[in-house]
Amino acid sequence: MLEVGYSVPRFDARSKVTGEEKYAADCFPEGFAWGGVKRAGIAHAKIVGIETAPARALAGVIAVLTHQDVPGTNRQGLVHKDQPVLAAEKVRHWGDPVALVIAESRETLARALSLIRVDLEPLPGVFDAEQALRPQAPLVHESGNLLLKGEIRAGKGEDALGECEIVVEETFEVPFQEHAFIETENGVAWQEADGTICMHVSSQAPFRDRFEIAHALGIDPLKIRVSSPYLGGGFGGKDGATVQCLLALAALNSGGRPVKMSWDREESFVAGYKRHPVRMYYRLGARPDGTLHGLHCRLYWDTGPYAHLGGEVMELGMEHAGGPYRIPNTEIEGWCVYTNNPISGAMRGFGVCQVSFAFERVMDLLAKKLGMDPLALRIKNGLRRGDKNCCGVTMVHSTGIVPCLEALGRHRLWTERDEWKRSAGPFKRRGTGIAAVLNAMGYGRGLPDSAIARVELTPEGKIRVFCGVVDMGQGNSNAFLQIAGEILCQDSSCVELVHPDTGRTHPSGSSSAGRTTYTYGNALIRACEELKAKLFHRTALFLMLDEPRGLALAPGAVRHLPTNREVPLAMLGKSFPESDRVCISEYVMPVAQDVPDTGKDFSIGFPHVLFSHAAHIACVEVDELTGKVTVEKYLAVTEGGRIINPQGFEQQVHGAVGQGIGYALMERLMMKDGRILNPDFTNYILPTSLDLPDLDSIAVETVEPTGPFGMKGIGEVGINAPLPAIASAIEDAVGAAVNRAPISAACVLHALSGRERANDADGGVQR
């Protein structure tokens with residue numbers, strides 16, 4: 001039986017491990033052609049000319065397209081339409097697309113792309129966000145290099161620091177991070193006889209894709225159909241058009257043949273989206289007893305050559321810049337800046353991951369200066385329901401950071417930390433560090449955050465859930481079937497799922513922002529309750545009851561409890577028309593009502609009212625001879641309301657911690673003048689199972705009254721804590737501050753040599 005609150009194995013597990021489940025990458029329609037793109041290969045240049053004749057003349061080439069062949073605006077972008085489908089006058093980063101080729105085979109495609117000659121006049125580039133704001137900096141766009149400037153101010157702002165007896169100050173930097181999903185960006189597109197463009201694509205937002213394609217190519221969005229099967233990973237890197245506009249353009253020029261595009265790993269590195277690098281200047285002030293009083297920070301976000309979701313990432317980072325703490329006086333400034341680096345965009349943690357490093361490190365600095373226990377400092381200042389956060393927004397929903405910290409304080413990794421540190425072997429040092437984090441759920445104010453669920457009783461008597469939200473591996477599809485099974489009392493054999501398809505399912509937003517199970521789950525509950533009532537009424541007619549009393553759902557049937565008579569669901573399914581067997585319902589996420597005046601400059605995405613919380617502890621061992629850092633033990637305490645599926649909850653936490661360890665210790669995107677020097681998994685190092693510690697996961701269950709069965713999303717909050725927790729543990733081990741990531745062995749050796757900071761030495765090529 002599918003019941004909420006119990007660990008239910010994923011219903012898609014068998015099909016995935018046996019290879020029966022087909023991803024977009026597995027789609028090879030009959031008679032398909034291959035599509036591919038000629039990339040700029042330079043960070044900034046003027047396009048003088050494009051020579052395509054040799055490629056067009058190659059046998060097996062169906063079409064070679066440039067910007068002149070793009071109908072519509074030739075501009076894509078989720079909010080700001082500033083990214084070309086095919087570059088026209090300029091290229092602004094190494095991976096800009098210049099020409100699109102359609103060919104009979106992959107071999108012919110590669111040959112044709114090599115024959116295209118692009119005459120480029122190099123232009124000076126800019127590769128640092130702060131330098132890009134200088135008066136004489138090269139311009140990425142003629143309008144200037146500033147995409148967005150924002151400010152959030154609460155209380156007395158920066159002036160309150162003058163009232164603080166204790167002030168700490170530090171600068172922090174975090175790098176690009178590659179999404180590194182297993183399935184790279186890919187899809188297939190074709191044009192139907194009626195002109196409709198159909199697309200089967202690896203995307204986190206199929207309904208939004210239609211509008212990106214429509215705007216860029218001048219097509220009626222209702223003449224575009226996008227379907228998304230399971231994704232082989234996304235993490236935000238498929239939230240926004242990657243191959244979509246190029247595939248639609250190819251479908252318009254392929255002579256009616258389906259066109260497949262699949263980026264190899266190097267192209268995914270070069271052209272795909274990255275986590276935003278940020279430079280962060282922090283000042284935090286407190287009273288002598290440790291009460292936080294004032295915060296001022298300046299945040300410089302490198303969004304690359306195009307906006308994508310840069311402004312929105314910056315806004316969310318600014319909203320979280322004070323962490324899960326009461327700080328009555330804050331001034332948070334942000335600059336989102338164009339450069340000629342790779343395109344930055346959405347990634348798990350969406351701006352919060354970056355600032356979590358800074359605010360948790362300054363909390364450690366403050367604890368050290370106060371001579372105060374770092375856990376006690378966090379508990380003292382932790383947000384409670386009814387408090388105002390660092391933006392001046394009242395926490396009116398479930399707020400669980402203090403219970404998380406208290407649970408951490410009771411755990412053996414905290415209570416026995418001194419004994420564990422003393423037991424280090426020869427040439428080893430050990431340290432422990434903690435971090436407290438939060439993460440908003442949903443899109444925030446200004447952008448409707450809703451979902452529409454459709455539930456159908458099939459003629460065979462099964463419950464069919466039509467889901468418009470993509471499952472990119474996080475298991476939300478399983479949660480939806482679990483919810484439907486709970487309400488309608490059906491086991492896994494009696495429920496089935498229809499994947500997102502703009503022709504069959506209803507708009508339900510993107511698979512992002514920790515919102516999917518919350519929003520669609522709420523809509524699904526309503527739809528299932530409506531279907532349940534309808535089934536009872538129809539059963540009462542079958543059994544000739546005066547009213548639908550004494551009825552209950554059982555697996556495969558509706559049962560009249562007083563008489564034990566049953567009507568099979570298959571009989572009900574066959575007896576009524578589709579309109580009687582379908583229920584559709586919508587849910588809209590709540591938004592903040594007390595918007596700070598300084599935040600009203602943000603058009604969308606600020607502020608939020610729903611947050612998940614977590615407290616982590618990392619136990620690391622440092623090798624004095626090599627500088628290698630090993631995360632030996634780890635604890636993640638997470639508050640996300642009630643838990644629908646404990647197994648799914650655990651998997652989310654483990655995955656987030658693993659990805660966060662990579663961000664902290666290994667993942668360095670080496671750059672030189674906008675070029676990625678390590679665009680593959682040979683030299684871009686990811687953590688493997690051998691790099692991951694024994695991990696304890698504890699759930700602190702609260703009840704979120706607005707959530708489905710009291711739950712909140714936890715898909716993002718777990719990735720925000722590993723970097724600051726590990727940095728704190730390394731400082732505890734070697735006695736040197738860590739203010740820059742990733743933390744390489746070279747950095748640690750530098751600290752062990754007696755230098756003041758662990759990050760003064762660079763472990764790799766930096767931009």
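For this structure, a couple of remarks:
- Multiplying the residue separation of Ser492 and Glu529 by 0.36 nm and removing their Cα-Cα distance gives an extension gain of 11.5 nm.
- Taking the average, over residues, of other Cβ atoms within 10 Å as the packing measure, peptides 638-646, 142-150 rank 638-646, 142-150 from highest down.
- Here the sum of -39500 (n - 2.57) over DSSP H runs of 4 or more residues, divided by the residues of the chain, equals -7500 deg cm²/dmol at 222 nm, to the nearest 500.
- Relative contact order of the chain, taken over Cα pairs closer than 8 Å and 6 or more residues apart, is 16 percent.
- Sequence-distant residues sharing a close amide H with Asp449 (under 5 Å, placed H): Met589
- Share, in percent, of DSSP beta bridges within the chain that are antiparallel, nearest 5: 80
- Principal axis extents of the C-alpha atoms in the range 573-677 (largest first, rounded to whole Å): 75, 45, 34.
- Centroid-to-centroid separation of the range 500-577 and the range 303-339 [C-alpha atoms, Å]: 44
- Note on the chain: with neighbouring protein chains present and a 1.4 Å probe, carbon and sulfur make up 50 percent of its accessible heavy-atom surface.
- 3J(HN,Hα) along the range 677-693: 8, 10, x, 6, 7, 6, 10, 8, 8, 10, x, 10, 4, 6, 8, 9, x Hz, from the Karplus curve 6.51 cos²θ - 1.76 cosθ + 1.60 with θ = phi - 60°, whole Hz, x for Gly and Pro.
- For the range 51-152, the alpha carbon positions stretch 57, 28, 21 Å along the principal axes, listed from largest to smallest.
- Full extension of the segment from Ala88 to Ala13, taken as 0.36 nm per residue of separation minus the current Cα-Cα distance, would add 22.5 nm.
- Dipole orientation for the range 138-220: of the candidates Gln177, Leu148, Ala189, Ala189 has the Cα lying most toward the positive pole (charges on Cβ; Lys, Arg +1; Asp, Glu -1).
- A quarter of the convex hull surface defined by the alpha-carbon atoms of the range 267-394 gives 8.1 nm² as the mean projection.
- Debye equation applied to the C-alpha atoms of the chain, log10 I(q)/I(0) at 0.05, 0.07, 0.09 Å⁻¹: -0.27, -0.52, -0.85
- For the range 450-588, the fraction of alpha-carbon pairs in successive 10 Å shells from zero, as %: 13, 44, 29, 12, 2
- Screening the chain for whole DSSP H helices of 15 Å or more along their axis (Cα) with average Kyte-Doolittle hydropathy at least -1.0 returns 206-217, 352-370, 476-488, 516-542, 646-665, 722-734.
- Computed lengthening from Gln593 to Thr458, 0.36 nm per intervening residue step minus Cα-Cα distance: 44.4 nm
- Cα-projected label distance for Gln68 with Arg134, points at 7 Å along beta-carbon direction, nm: 4.0
- Label positions at Arg410 and Leu222, each projected 7 Å from the Cα along the C-beta direction, are separated by 5.8 nm.
- Debye-sum result for the range 45-108 in log10 I(q)/I(0), which assumes one identical scatterer on each alpha carbon, at q = 0.17, 0.19, 0.20 Å⁻¹: -0.67, -0.80, -0.86
- Calculated SAXS-style log₁₀ I(q)/I(0) at q = 0.13, 0.22 Å⁻¹ - the range 392-495, Debye, Cα scatterers: -0.82, -1.18
- Each label was represented as a point 7 Å from its Cα along the Cα-to-Cβ direction; for Lys574 and Asp546 these points are 3.2 nm apart.
- Using a probe of 1.4 Å, the accessible surface attributed to Arg429 totals some 90 Å² when neighbouring protein chains are kept in position.
- Summarised as an ellipsoid, the range 111-260 has semi-axes of 42, 23, 17 Å, derived from the eigenvalues of the Cα gyration tensor scaled by 5 and square-rooted, with the largest first.
- Each part gets one Cα centre, and for the range 119-171 versus the range 617-688 those centres are 28 Å apart.
- Of every Cα-Cα pair in the range 555-629, the percent that sits beyond 20 Å: 72
- The chain - accessible surface per residue (Å², probe 1.4 Å): 36
The values are calculated or read from the model by the stated rules, or taken from the named source; none is laboratory data. Note that the structure is predicted; figures quoted are calculated from it, not measured. Note that each Cβ is placed from the backbone with ideal geometry, even for glycine, and that neighbours are counted across all protein chains shown. Ligands, DNA and RNA are excluded from the accessible area calculation, which covers all protein heavy atoms including side chains. Shrake-Rupley method; radii C 1.70, N 1.55, O 1.52, S 1.80 Å.
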